[in-house]
Structure formats: C-alpha cells, structure tokens
Amino acid sequence: MTLHTRKLVIVRETILGEMGAAAHQPITRAIGLAAIANPFAGRSVEDLSDLFRSGAAIGEQLINQLVPLLPGPAVSYGKGAIVGLKGELEHGGACIHPMLGKSVRSAVGGGKSLIPSNVKVASAGTTLDVPLGHKDNAWSFDHFDTVTVSISDAPRENEIVVVIAIADGGRPWPRCGVGPVT
C-alpha cells in the first residue's frame with residue numbers, strides 16, 4: 001500500500017526561561033507532524049500492518065528533518081497521533097507503536113526508554129498533548145514534559161496526523177528531582 005501524505009508541518013522552538021527565571025540552558029524542541037491518508041477510514045479491518053509500514057516510513061521522513069534542527073544531541077522524545085473521525089484509536093496506535101520507534105531511536109542515538117505517546121480520535125484542528133521523556137532514563141523527572149500540537153485543517157475524517165517530538169533538554173527550570181521518590 002502506498003503512503004499518501006497531504007501535509008507536513010515542522011516546528012522548532014527554543015525555550016529561554018520560565019516565570020522570569022532563565023533556563024539553566026536554552027531548550028530546543030523540534031516537532032514534526034504529518035497528515036496522512038487513513039486507508040481503513042470508515043471500515044473495520046483485522047490486519048493493520050499497512051499502517052505499521054506507513055508509520056515507519058513517515059517516522060523516518062520526519063525524524064530525519066527534526067534532528068538537524070537541534071543545536072545539540074536529542075535527549076528526550078515523544079510521539080502521538082490524532083485519528084480523523086472515520087477512523088479508530090487503533091489506527092493511530094498502528095502508525096506509532098510497532099515500527100515508527102526504530103527510526104527515531106536510530107536517529108537520536110539510543111533510546112533505552114519507551115517513547116512516551118498519546119493517541120486520540122478527533123476532528124480537524126484538535127490539539128494533542130504529546131508527552132516527552134528522557135530517551136535512556138525513564139525515571140529522569142527533569143525530562144517529563146509535554147508539547148501541545150495541532151494542524152488547523154487536519155486530521156480530515158479520513159486522515160491520521162502522526163507526530164514526533166524531540167528535545168535537547170528537559171524542562172527549562174526543573175526542581176522536582178531526577179529519580180523515583182519512595
């Protein structure tokens with residue numbers, strides 16, 4: 001099955017401070033969103049492997065555009081999907097879970113931790129909170145973060161918006177600790 005991409009959105013942001021306090025270091029985030037066709041919109045199917053492969057392909061395309069946007073190595077990451085109203089939650093999961101992570105881990109050089117994620121079914125313009133976490137230390141509290149994303153005209157009813165986010169640091173002024181509290 002051929003991947004049909006209608007739109008790519010690439011965003012780079014640099015956070016310099018929080019609440020009047022300078023960040024310990026500027027934090028740069030790079031976020032990629034792709035509005036792709038959902039070949040299973042409006043129908044129930046058992047085999048979602050075409051979406052596995054679509055997720056892998058769009059993941060590779062996005063991450064290769066995101067990594068060069070960071071001034072340093074990526075240390076945190078996240079992913080997500082918004083499924084249009086003629087799709088189901090599992091369609092988004094099929095795009096981001098089985099195969100997309102391989103290209104992300106390869107591009108950021110590591111990835112011992114699960115890639116935090118969020119998926120929902122919604123209409124065009126809906127926001128998605130994409131969780132971020134440290135790529136190698138799942139318990140690094142300083143890297144628990146969120147980016148909120150949307151595309152004004154996506155997902156259309158028969159689309160899926162796939163999202164990848166990476167950052168070269170955690171929150172700009174962390175004070176919650178670096179490990180589990182017992």
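Where a number appears in this text, it was derived from the coordinates with a stated rule and is not lab data. Remember, it's a predicted structure, so these values are computed and weren't measured experimentally. Note that we place each Cβ from the backbone using ideal geometry, even for glycine, and neighbour counts take in every protein chain shown.
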ask   = Semi-axes of the chain's equivalent ellipsoid from the Cα gyration tensor, sqrt of 5 times each eigenvalue, largest first, rounded to whole Å?
value = 29, 16, 15
ask   = What's the longest bit of the chain with no exposed trypsin sites (Lys or Arg not before Pro), using DSSP loop states and at most 13 other Cβ atoms within 10 Å as the test?
value = 44-111
ask   = A21 versus K112, label points 7 Å from Cα toward the beta carbon: distance in nm?
value = 2.8 nm
query = Tell me, what ³J(HN,Hα) does each residue in region 42-59 have, in order and in whole Hz, if you take phi through Karplus 6.51 cos²θ - 1.76 cosθ + 1.60 with θ = phi - 60° and put x for Gly and Pro?
reply = x, 8, 9, 9, 7, 8, 9, 4, 4, 6, 4, 5, 4, x, 4, 5, 6, x
query = What length, rounded to one decimal in nm, is gained on full extension from R53 through to E13, with 0.36 nm per residue of separation minus their alpha-carbon distance?
reply = 11.5 nm
remark   = Taking a crude spin-label model, label points 7 Å out from Cα along the C-beta direction, the N64 to D153 distance in nm is 2.6 nm
remark   = With a Förster distance of 45 angstrom and the Cβ-Cβ distance between L89 and W173, calculated FRET efficiency to the nearest 0.05 equals 0.80
task = Report, ordered by chain and residue number, the aspartates and glutamates lying within cross-link reach of K102, taken as a straight Cα distance under 15 Å and ignoring same-chain residues fewer than 8 apart.
result = E60, D136
task = State to the nearest 20 debye the size of the charge dipole of region 1-109 about its Cα centre, where the only charges are +1 on K and R beta carbons and -1 on D and E beta carbons.
result = 220 debye
ask   = What number comes out for the charge environment of V83, summing +1 per Lys or Arg and -1 per Asp or Glu over other residues with Cβ under 12 Å away?
value = -1
note = In this structure, among K7/K120; K86/K135; K7/K112, pairs with alpha-carbon gaps over 27 Å are K86/K135; K7/K112
inquiry  = Can you compute 3J(HN,Hα) from phi for each residue in region 91-102, using the Karplus curve 6.51 cos²θ - 1.76 cosθ + 1.60 with θ = phi - 60°, rounded to whole Hz and x for Gly and Pro?
reply    = 5, x, x, 5, 6, 9, 9, x, 10, 4, x, 4
query = Considering the dipole of region 5-167 built from charges on the beta carbon (Lys and Arg +1, Asp and Glu -1) around the Cα centre, which of G84, I31, M19 is farthest to its positive end?
reply = I31
key: Loop-located chymotrypsin sites (Phe, Trp or Tyr not before Pro) in region 100-148, at most 16 other Cβ atoms within 10 Å (DSSP)   = W139
query = What's the extension gain from T5 to D136 if we count 0.36 nm per residue and subtract their Cα-Cα distance?
reply = 44.1 nm
request  = Might you report the magnitude of the Cβ-based charge dipole of the chain about its Cα centre, with Lys and Arg at +1 and Asp and Glu at -1, to the nearest 20 debye?
outcome  = 200 debye
